[in-house]
Protein chains: 2
Amino acid sequence: MSEDAFEATIAAVREQVDPSPAERERLRSVADELVERTEAAATERVADADVVQVGSTARGTWTAGDRDIDVFVRFPTDIDRETLERYGLEVGRAVLPDGHEEYAEHPYVKGEYEGFDVDLVPCFRVDSATEIRSAVDRTPFHNAYLSERLDDDLAGDVRVAKAFCKGIGVYGSDLRTQGFSGYLVELLVLEYGGFRELVSAAADWHPQVELDPEDHGTRSFDDPLVVVDPTDHERNVAAVVSPTNVARFQHHARALLAEPDPERFEPRELEGLSPADVRNHLATRGTTPVAVRFDPPDVVEDQLWPQLRKSLSGVTDELDRRGFDTFRATALADETAALFVELAVAERPAVERHAGPPVHVRDHASGFYEKYGAMDETPPYGPFVDDDRYVVERERDCRTAAGFLRSDRLFDVALGAGVERALQDDYEVLVGDDVAVLAAEFGEDLAAYFSPRP
Amino acid sequence: MSEDAFEATIAAVREQVDPSPAERERLRSVADELVERTEAAATERVADADVVQVGSTARGTWTAGDRDIDVFVRFPTDIDRETLERYGLEVGRAVLPDGHEEYAEHPYVKGEYEGFDVDLVPCFRVDSATEIRSAVDRTPFHNAYLSERLDDDLAGDVRVAKAFCKGIGVYGSDLRTQGFSGYLVELLVLEYGGFRELVSAAADWHPQVELDPEDHGTRSFDDPLVVVDPTDHERNVAAVVSPTNVARFQHHARALLAEPDPERFEPRELEGLSPADVRNHLATRGTTPVAVRFDPPDVVEDQLWPQLRKSLSGVTDELDRRGFDTFRATALADETAALFVELAVAERPAVERHAGPPVHVRDHASGFYEKYGAMDETPPYGPFVDDDRYVVERERDCRTAAGFLRSDRLFDVALGAGVERALQDDYEVLVGDDVAVLAAEFGEDLAAYFSPRP
């Protein structure tokens, strides 16, 4: 790798991600105005309330074009939660009269202001991040920690690192992505001392990788990447990052060092597959596809995706146990939702082997022998003795995966609660080439599925 | 169970298995004559050679109609092995001029004499069974031990026990049957004190079952049934009995006690299956049958069967590893030999999942990624990252079991040496309904296979 090539790549990326002086100036003045107006509305209600701007636009780590301004109203801890929520909404409506309520751990107001997307969030002003009453109380501490430490150079590297994570598809701590949050990226750049230092280190990571900027961690974690929150010694900032995304980050870090190229910072754009494309892939692969399609339960994405994953595991584990041998599988969700499974085995025999107790365990063995020995039709074949046990070959209840998925047995597997309710309401089982109809809604997801890359 | 019903059953069986006084008398006089003539021929060569009649006809434990007389010529240990073999054959030919040579550990003569089948075997007269020079030297010790201890009552029970073992298919220590030898049956009856006592005990066996009549055993065994040889403290007389046959014996012991019936002493007679019968069974079962048929190697049965079993395991293990999932299988041997396998899986996808090293193992991981990443046709799908590893979905070499069996890969599995040579010479792979042609040669074996009973 040429030193220059890497630096040249970074320079090219910064051209894209650095906000222009005009963009900075404009954001600064709008944010100042917002903070001022919020302060006025807040102190009118509680004299010692204060207001902080937080997030990447507060710290100069946003990438060009981001239009998010986060404003937190901190109330003293002697007011109760209900009052805080009421005042929070009142302040929000006063500042953003066209805004609407959203709900995280408590309600807040989201609205547009001078062309920016503004979150106006009430929280408690606690003494330290370990004393928080709800997750949002932590944010001002994160903001203070980073603002003190990120100079302009590091802020630039943060922007590059965010672009890198977006390009390789690991940016975002939502539970669909299970990737790197903005705060995590900032901490990693800060801790390693720059973007280049970060990717050089990541290229040689041996998970579990543990960073503890304040050297104050007190517990152990199972996660492959651990970054102890500098403002809370018991929290792993990277807890949500999946092992797959840690490995992806490592892969792309090495690739970038080996062949620096600004294109590595561009998200892969895939053309959605047509039904015919899906059929072609299935023909090439020779797998047996099945899908369970249903109306997704009415829950937020961060609740939906863990439920979809749990349901997919429940279904594929049971299909494996029944000998259909999951080849690969994915959950899909948009207007509808689907559990899409490619199987290696299309059909099982009409009979299944059922091993009974060892013959020497007299009571159980005799019970087994009498039960199956009394059947005079074939199957069952047996009982016979194999090694030390009775065995029968009895009729199998589902010879195909579709047979199982269409039966009530589906509800014996571990499903996410909302998904289970949705399936109880109604679902459709697609088999073989019929799964190709999913391309109409999930063409891009299926394109990614059938062109898997690190 | 009624006491009387059991005794009545035994009485009925003894009607069948007890030799008549005339049969006994006739056997006695022929055996005496044989021993006398053999002594004459033996002492002519070595003055202090002696002759013993051994086996069930020597001990009164034969079942009616058996026509085997075993005569052993014991030579002193100061003659060498070659001389013993030469004298043995000379004596054999003198006594049985129409006999022929056979070979166990050394050659002996087998022939007919007055309508009886006679084995005339030379051995060394050692001081104890632990000093034997070849396995046959042990026989006179067995004979002496049993002759001293088996009275007429016990001898009658031995005959019943042998008939029971024949009826349930576990009689014979040959390596095809892996069952109970005559000597073992006699020891079991002796040790438990009778047939009824034996089956009552067997009904409650908890393997490992260990009997040591002389209480002199010095080593441990892995076998489910251990009967330490009273004439050799290091030998398990039941070593050859398979776990399946121990469990069968237990099953039938309980069945006999529960419902005594002379029919339980009759071997199951099965009508051979026709090809159509075989096809019907396969249709009912919905399995995927395959068979490898070949000319059996020219070795004795006790060498052939272990080789067939080893080859069958080698093939089924590999078919399992390749995802074809053996349902049940058996070896067949007569004029031809066949490894017959019923599979649960007919076909695998065109691609197979191939997991590479963890991404963090940099050298191996990079080598894997470069190898598969450089291929620009699909498959392989990937490399992609799953959990902490690179994975590709690459082309599978054999989509069907028959494809594998017809390929050279068959010779990568563990095969018996003679079977491997035979297959290298030539073999045929039968698939699907074509396996039904095996019925012509193996109709009865297949009838037993498709009507499995304990």
Worksheet item: Given N residues in the range A:48-200, what is Rg(Cα) / (2.2 N^0.38 Å)?
Response: 1.10
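Could you grab the Rg to Rh ratio for the range A:351-395? Cα atoms only, Kirkwood for Rh.
0.95
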Item to complete: For A:Ile69, list long-range residues whose amide hydrogen, built 1.01 Å from N in the peptide plane, is under 5 Å from its own amide hydrogen.
Response: A:Asp117, A:Val118, A:Asp119
Fill in: Over chain A, relative contact order from alpha-carbon pairs under 8 Å, at least 6 apart, %
13
Item to complete: Starting from the range B:224-307, pick out the trypsin sites (Lys or Arg not before Pro) whose DSSP state is loop and whose Cβ has at most 13 other Cβ atoms within 10 Å.
Response: B:Arg268
Practice prompt. Would you mind giving the three semi-axes, in whole Å and largest first, of the ellipsoid equivalent to the range A:243-355 according to its Cα gyration tensor?
Written response: 32, 20, 17
Worksheet entry | Most to least packed among B:16-25, B:45-54 [average Cβ atoms within 10 Å] | B:45-54, B:16-25
Practice prompt. Using Cα pairs closer than 8 Å and at least 6 residues apart in sequence, work out the relative contact order for the range A:152-265, in percent.
Written response: 28
Worksheet item: For helix A:81-95, what angle does its Cα long axis make with the longest principal axis of chain A, in degrees from 0 to 90 and rounded to 10?
Response: 60
Fill in: Span from the the range A:152-210 Cα centroid across to the the range B:170-206 one, whole angstrom
73
Worksheet item: When only DSSP loop residues count, what trypsin sites (Lys or Arg not before Pro) in the range A:327-396 have their Cβ near at most 10 other Cβ atoms within 10 Å?
Response: none
Worksheet entry | Per-residue ³J(HN,Hα) for the range B:356-362, Karplus 6.51 cos²θ - 1.76 cosθ + 1.60, θ = phi - 60°, Hz, x for Gly and Pro | x, x, x, 4, 6, 7, 4
Fill in: For q = 0.16, 0.27, 0.32 Å⁻¹, Debye-computed log10 I/I(0) when each Cα of the range B:212-263 counts as one equal scatterer
-0.58, -0.93, -1.12
Discussion item. Taking the Cα centroid of the range B:4-38 and of the range A:221-291, what is the distance between the two, rounded to the nearest whole Å?
Written reply: 82
Item to complete: Starting from the coordinates of the alpha-carbon atoms of the range B:1-97, obtain the Kirkwood hydrodynamic radius over all distinct pairs and give the value in Å to one decimal.
Response: 15.7
Discussion item. Give me the one-decimal Kirkwood hydrodynamic radius in Å for the range B:152-265, with the sum taken over alpha-carbon pairs.
Written reply: 14.0
Item to complete: Within 10 Å of each Cβ in peptide B:317-330, how many partner chain Cβ atoms are there on average? Round it to a whole number, please.
Response: 2
Worksheet entry | Listed peptides B:426-433, B:92-99 by packing density, highest first (mean Cβ within 10 Å) | B:92-99, B:426-433
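For the range A:254-329, run through the GluC sites (Glu not before Pro) and keep only the ones in DSSP coil with at most 10 other Cβ atoms within 10 Å of their Cβ.
In loop regions of the range A:254-329 (DSSP not H, G, I, E or B), the sparsely surrounded GluC sites (Glu not before Pro) are A:Glu269, A:Glu271.
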Item to complete: Give the long-range amide H neighbours of A:Thr287: residues separated by 5 or more places, or on another chain, with amide H under 5 Å away, using H modelled in the peptide plane at 1.01 Å from N.
Response: B:Ala350
Worksheet, complete the sentence: The helix A:301-321 Cα axis meets the longest alpha-carbon principal axis of chain A at an angle in degrees, between 0 and 90 and rounded to 10, of 20
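Sum -39500 (n - 2.57) across every DSSP H segment of at least 4 residues in chain A, then divide by the residue count to get the 222 nm mean residue ellipticity, nearest 500.
-13500 deg cm²/dmol
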Worksheet entry | Contour excess over end-to-end distance, with Cα ends at B:Thr218 and B:Arg149 and 0.36 nm allotted per residue | 22.5 nm
Fill in: Shielding by partners - mean other protein chain Cβ count within 10 Å, residues of B:369-378
1
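How high is the FRET efficiency from B:Ala64 to B:His206, r the C-beta distance, R0 56 Å, rounded to 0.05?
The computed FRET efficiency comes out at 0.95.
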Worksheet item: So who's got an amide H within less than 5 Å of the one on B:Gly356, skipping anything under 5 residues away but keeping other chains? H placed 1.01 Å off N, in plane.
Response: B:Tyr390, B:Val391, B:Val392
Worksheet, complete the sentence: Phi angles of the range B:9-18, converted by Karplus (6.51 cos²θ - 1.76 cosθ + 1.60, θ = phi - 60°) into ³J(HN,Hα) in whole Hz with x for Gly and Pro, give 5, 4, 4, 5, 5, 5, 3, 7, 9, 6
Worksheet, complete the sentence: For B:Thr130 and B:Met375, extending 7 Å from Cα along the Cα-Cβ vector and measuring point to point gives, in nm, a value of 6.3
Worksheet entry | Distance from the range B:327-378 to the range A:73-132 (C-alpha centre basis), Å | 58
Worksheet, complete the sentence: Whole-Hz Karplus couplings 3J(HN,Hα) for the range A:113-121, θ = phi - 60° and coefficients 6.51, -1.76, 1.60, Gly and Pro as x, run 9, 6, x, 9, 8, 10, 9, 10, 10
Worksheet, complete the sentence: The helix B:21-45 Cα axis meets the longest alpha-carbon principal axis of chain B at an angle in degrees, between 0 and 90 and rounded to 10, of 90
Discussion item. Need one number for the protein assembly as shown: average projected area of the convex hull over its C-alpha atoms, nm².
Written reply: 51.8
Worksheet entry | Peptide A:360-368 - average C-beta neighbours from other chains (10 Å radius) | 3
Worksheet, complete the sentence: Over all directions, chain B yields a Cα convex hull whose mean projected area in nm² is 29.3
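Quick note: the coordinates plus some simple rules give every number you see, no bench work behind them. Note that the coordinates shown come from a computational prediction; the quantities given were computed from them, not determined experimentally. Cβ coordinates were reconstructed from backbone atoms using ideal geometry, including for glycine residues, and neighbour counts include every protein chain displayed.
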